[in-house]
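The values are calculated or read from the model by the stated rules, or taken from the named source; none is laboratory data. Since we're looking at a predicted model, the values are computed, not measured. Cβ coordinates were reconstructed from backbone atoms using ideal geometry, including for glycine residues, and neighbour counts include every protein chain displayed. Just the protein is used for accessible areas: all its heavy atoms, side chains included, with ligands, DNA and RNA removed. Shrake-Rupley method; radii C 1.70, N 1.55, O 1.52, S 1.80 Å.
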Amino acid sequence: METSRPVVVKRMPEVMNNGGARKFLAEVEPLFSVDRPQVVFDFSQVRQLDVAGVEVLLQCMKRIIKRDGDLKFAALSPQAAVVLELTRTDRLFEIYQTSTDAAKSFSSFLPNTLRRQEHASVAA
Amino acid sequence: MRRLKAILVAEKRATVRGITLTLPLPLIDVLGSSLLQRAIDNLRNSGVEDITVVADFAQSDAFLMNGVPLRNAEVVTANEDLFSSAQEIFREAARGDAEAVFLSRVSSYFEVDMDRLLSHHLHFHNRVTRLWSGSDPLPMEAFMVSTSRMEDGVQLLRNHLHDSSTEGVRYRLDEAAGEYVNLLRDANELRRLASDGLHLRCGLNPVGKEVRPGIWVDESSHVASDARLVAPVFIGKRTRIRAGAVITRGSAVEHHCSVDCGTVVENATLLPYSQIGPCLDLSHSVAGERRIVHLKRNVTTEIHDGRMLNSISASPARRLLTFAGSLFSFMPEHFCRGLFGKLGQVGEARTASNGFGTTRAFNPSSKDKAELPEMSPGLAVVRRYGNQ
C-alpha cells in the first residue's frame with residue numbers, strides 16, 4: 001500500500017543528556033502537529049544517551065501515537081543500542097539498519113518488499 | 001612434594017582489555033574473592049607453602065580496594081621498580097633450599113597440577129619451563145625456574161616475564177587432567193571465568209553460603225523477599241538486591257553492589273562497588289565504574305547518567321555520608337505526605353523528576369485509584385480485585 005504522506009527523517013544530536021534532549025524536543029515538536037506524522041529518528045551520530053534522552057524519545061512516541069502516526073528508529077550507534085536495550089526501550093520501536101530502510105517501511109511491510117524483489121530477480 | 005617457592009608479581013596497572021577500572025586486575029573480585037587471593041589459594045592447595053607476592057600497591061591499599069586483606073602469603077611492596085624487587089626475592093629464594101621457583105604475573109587465572117609441572121620440568125631437564133594454555137596454545141606469563149640456574153630467573157624477570165632465552169620443552173595445561181586456564185585477555189574472558197565458576201567447570205568456588213542449589217549469597221548481603229534469583233547466581237558481600245529485581249542465568253553481582261527495584265540482570269557480571277538503577281535490563285554484559293561492556297555487541301559504552309549506572313564509594317565513611325544524605329532528602333518528602341496526605345501529587349512529582357524511579361514501577365495507576373470507591377478511614381484491608 002503506497003502512502004502520499006511525507007516521512008520526516010530527523011538526525012539525533014551527538015549528546016542526548018538533559019540539555020540536549022530538551023533542545024531536541026523543542027526542535028521536533030512542530031513535526032507532531034500534523035495529522036498522522038511519520039517520523040524516523042537517525043541515531044548514527046549519538047554518542048551519549050541518558051535517562052533524559054530516553055524520556056524524550058518516549059514523549060515523542062506518546063505524542064505521535066496520539067496523532068495516529070508512527071515513530072521508527074534507524075542506524076543505531078553501538079552506544080545508543082546498549083542504552084536502549086538497558087532501558088528496555090528497544091522493544092517499543094521498529095529499528096532499521098538505515099534511515100532509507102526505515103522510511104521505505106512506512107509504505108510497505110519491508111520483508112514483503114524484499115521477498116517481491118527476490119522473486120523479481122529470480123524471474124529475470 | 002619437593003620444596004617449591006612461588007613468586008607472584010601483581011601490578012597495579014594490569015587490567016582487562018575493554019574495561020578501564022580503578023581496581024588493578026589482581027584485585028578484581030570474581031565470585032567473591034580477588035584473582036590474586038585465588039592464585040595464592042590455588043598454589044597453597046597444590047602444595048606450595050612459601051608464596052611471596054611482589055606488588056606495586058601496599059597491603060593496606062589492597063584492603064581498601066576490595067575490603068579483604070590478603071591471606072597465606074608474604075606481601076612485599078616494591079618501592080621503585082617492581083621487577084627489580086622481584087629479582088632480589090628470586091635471588092634470596094635461589095640461595096635458600098628451594099629446588100625450583102614458580103614465577104608468575106597475576107594477569108590470568110589458572111589451576112595447575114604442581115606435581116605434574118615439576119615432574120615435566122625435571123623430566124626434560126629444563127632450566128626454564130613456560131606454561132602454555134591448553135586447547136588453543138598460547139604462551140602464559142608463568143614459568144617454573146630451576147634455582148640452580150639463578151641467572152635464568154633473573155634474566156626472565158628483567159624481561160618482565162615476557163620471554164626467556166633458555167625456555168625448555170613447553171608445558172601445556174591439560175583440561176583432561178583437571179587443569180584449567182583463562183587468560184583474561186578481555187571482558188568476555190572475565191565473564192566466562194565467572195560463568196565457569198558458577199557452572200562448576202573449574203575449581204573457582206563462589207565465596208558465600210549456598211542458600212539453594214546453585215545460588216550463593218553472602219550472609220552480609222540483603223536480598224528483598226520478592227526479588228528472584230534463578231540458579232546459578234552469585235551475590236557478593238554487602239550487596240543489596242531490591243524488590244522485584246531478577247538475577248538470572250549465571251550472573252554474578254560482586255561485593256558492595258546495589259541492584260534497584262525491578263531490574264533484570266541476565267548472564268552479566270556487576271563489578272564491585274556498582275549501583276544499577278531501577279527497571280533496567282542488564283544482559284550479556286560486564287558493568288561497573290560507569291561503563292558497560294556489551295559482550296554480544298562487543299562494544300564498551302560509558303554511562304554518564306548516575307540513575308542508570310553509578311559507582312559506590314569504596315570508603316565506608318563516604319558510603320555512610322551518601323546514605324545519610326539520601327535519607328535526609330527522602331524524609332521531608334514522606335513527612336509532607338504524612339502531613340498533607342497528598343499522596344498522588346507527591347508521587348507524580350517524583351515520577352516526573354525521575355523517569356525510572358521506583359514510584360513509577362510500583363505505584364498503582366491513577367485510573368485504578370479513580371475507580372475505587374471512597375473508603376472508611378478505619379478500614380484496614382480491602383480486596384481490590386475479584387468478586388468483592
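Report the paramagnetic label zone for A:ARG36: residues of the stretch A:62-85 whose backbone N is under 19 Å from a point 7 Å from Cα along the Cα-to-Cβ axis. A:62-72, by backbone N distance to the label point. For the chain pair B and A, the buried solvent-accessible surface (1.4 Å probe, both sides summed) amounts to about 1700 Å². Averaged over the residues of A:80-90, the number of partner chain Cβ atoms lying within 10 Å of the residue Cβ comes to 6.
Suppose R0 equals 45 Å; then what is the FRET efficiency for B:SER135 and A:SER108 from their Cβ-Cβ distance, rounded to the nearest 0.05? Present the calculation step by step, with values, prior to reporting the outcome.
Details: r = 49 Å, r/R0 = 1.09.
Between B:SER135 and A:SER108 the formula returns 0.40.
Starting from the Cα of A:ARG47, step 7 Å toward the Cβ, then list every residue of the stretch B:282-298 with an amide N under 18 Å from that point. So the set is B:291-292. Placing pseudo-labels 7 Å out from each Cα toward the beta carbon at B:PHE335 and A:ILE65 gives an inter-label distance of 4.0 nm.
In summary, the aspartates and glutamates within cross-link reach of B:LYS12, defined as a Cα separation below 19 angstrom excluding same-chain residues under 8 places away, comprise B:ASP29, B:ASP56, B:ASP61, B:GLU74, B:GLU80, B:ASP81, B:GLU141, B:ASP186, B:GLU289. Got a sec? Which residues of the stretch A:35-65 lose 30 Å² or more of accessible surface with every protein chain in place, vs. that chain alone, 1.4 Å probe? So the qualifying set is A:GLN48, A:ASP50, A:VAL51, A:GLU55.
Label-to-label distance, A:GLN97 versus B:ARG149, with points set 7 angstrom from Cα along the beta-carbon direction: 5.6 nm.
For the stretch B:74-126, the set of GluC sites (Glu not before Pro) satisfying both a DSSP loop assignment and a count of at most 11 other C-beta atoms within 10 Å is given as B:GLU80.
Extension gain, B:VAL211 to B:ARG158, is 14.3 nm, computed as 0.36 nm per intervening residue step minus the present C-alpha separation.
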